[in-house]
1. I need Lys325, Lys284 ordered by Cβ neighbour count within 10 Å, fewest first.
2. Can you give the calculated 222 nm mean residue ellipticity of the chain, where each DSSP H run of n ≥ 4 adds -39,500 (n - 2.57) and the sum is split over every residue, rounded to the nearest 500 deg cm²/dmol?
3. Let me check I've understood the local charge: for Asn376, count other residues with C-beta under 13 angstrom from its C-beta, Lys and Arg +1, Asp and Glu -1. What total comes out?
4. Counting only Cα, what are the radius of gyration and maximum Cα-Cα distance Dmax of the stretch 333-372, in Å?
5. Two decimals is fine: what is log10 I(q)/I(0) at q = 0.06 Å⁻¹ for the chain, from a Debye sum with one equal scatterer on every Cα and no solvent?
6. Could you order the peptides 385-392, 293-300 from most to least packed, using the average number of other C-beta atoms within 10 Å per residue?
7. Sorted by packing (mean other beta-carbon atoms within 10 Å per residue), highest first, where do 210-216, 199-205, 16-22, 61-67 land?
8. Using only the alpha-carbon atoms, how far is helix 432-441 inclined from the longest principal axis of the chain? Give it as 0 to 90 degrees, nearest 10.
Amino acid sequence: MMAGDVAHFVLVPFMAQGHIIPMVDFGRVLAEHGMQVSLITTPFNLCRLQATVDRIDRSGLLIDFVSLCFPTEEVGLPEGYENVDVIPSPKTDVKSDLFHKFFKGAAMLAEPLEAYIQQMQHKNLKIPIIMVTDFCNPWTRKVSEKLDLPRLVFYSVCCYTLIFDKIFERNSEVGDVFVVPDLEQRIEVPRPTEYIFFSTPEFEYMRLEIKNSDQSADGLLINTFYELEPMFIERYSKMTGKKIWPVGPVSLCNKEIADKAMRGARSLVGDDKILDFLDSMAPKSVVYFSLGSITRLSVIQLKEIGKGLEAARHPFIWVIRYGEKSLEDEIEKWLREDGLEERTKMRSLIIRGWAPQILILSHASTGAFFTHCGWNSSLEGISFGVPMITWPCFADQFANASFITEVAKIGVGIGVTETVFLQNYTVTPIPTPILVKVIDNGEEMRKRVLDLSEAAKTSFEIGGSSHKNISLFLQKPILRK
Ligand code: UDP
């Protein structure tokens, strides 16, 4: 497009917090570049996003949140099951049938999405429409083909991990230790029980659909930045034959405290309380513990974490996700009876449910991030210069963890190879010495992650590599269709 031209971007996130949040951020980035943006969502998810929507409305950015009805009833899901994080833990079978229904329901959004885009096309024939879809929504391919729209696939996953994903697909027989092939440095990682997206046979169809969707896309937009992984970005582009646009870290578009505090959902604990707590602690002294938006833990595991955090004798913020009412009751009872919260009250903050993660990570008192290594969390740790303690739980997280500990060397792993998806059945001990080491003796690591944080910020600012990539991408002739 020529300078000054406006395109209408229709963004289609997958309905999970780790996919919606970076897509909303990317929508803000496009709107800040003067583009018109529609973000497709569903009533339940829109309700959660209300604080973000209000904030964006007040800022004057042109983002329209379009709520399409999620067909829960048609696919046999209970009302409100419109996000991966509300699907209950299966009691026995980890790969619950509910997930298949959820993916089926997501694919059924094709029809209303098509109708919405057609309506927009009739409304304004002059503005070109471009679709940006999450990689987990391969069903969008047919919509873009039918309406003859350019379509780009958005990944909030780093290229290092995407390479892993491809290599593992071809080497499903590899042994206990996996050596990342063809790299300048030899990287050996223990083979966990699960390494790639949709690795089980019943989800094989998703891998195939994603492959086809990526192959026919007009390019891949990746939430990473060039300086973080130049070798892997180039290699992945060669492997796939696709144009890759590193456009991140998109979370850096949240500059004001209120924007940082209102990402994804509203926390039950007020921002003031969290900031007061952090302000009262010494610089770089607080361990922030969170395992993201999906992983759920057993009561015994949660007790183990509580014990580990207390034993490390450092201040901590512990985010506990309950998922289900029965777990909540048990944990609350334990917290009361054991007295952990009371005993550590001068140095701890326990957040039930949702936490304003980047508000916490960007605070000067946060000294270490105990993370499950979802890519958003990993990149947020990098962007705000916080060394990490890694506990990967499922899918891409094991590869992200190896990027953190073996490639970037900005974190220490707790040594797990066992998958935790919606529930863990064995108990992972929390190695207190590792926590203490990262906080007290992690100077080298901290220096490296602070350098990366500077590079991340520079890349996202005007003149930086990600900023330039976005400007170049917006000028591509393909987008002028
Ligand atoms: N997040 C948050 N508060 C929480 C939990 C998660 O703000 O209490 C955000 C986090 O900052 C990140 C996203 O939710 O942007 C989680 O994505 P990630 O890829 O790290 O992990 P997932 O939740 O998909 O496993």
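Bear in mind these aren't lab numbers, they're just calculated from the coordinates by the rules spelled out. Since this is a predicted model, take the numbers as computed values, not measurements. Glycine also receives a Cβ, built like all others from the backbone with ideal geometry; neighbour counts cover every protein chain displayed.
1. Working: Lys325 8, Lys284 18.
Result, fewest neighbours first: Lys325, Lys284.
2. After summing the helix terms and dividing by the residues of the chain, the value is -12500 deg cm²/dmol.
3. So the surrounding residues net to -3.
4. In Å, with Rg to one decimal and Dmax whole: 12.4, 33.
5. Rounded to two decimals, the profile gives -0.25.
6. 385-392, 293-300
7. 16-22, 61-67, 210-216, 199-205
8. Helix 432-441 sits roughly 80 degrees off the main axis of the chain.
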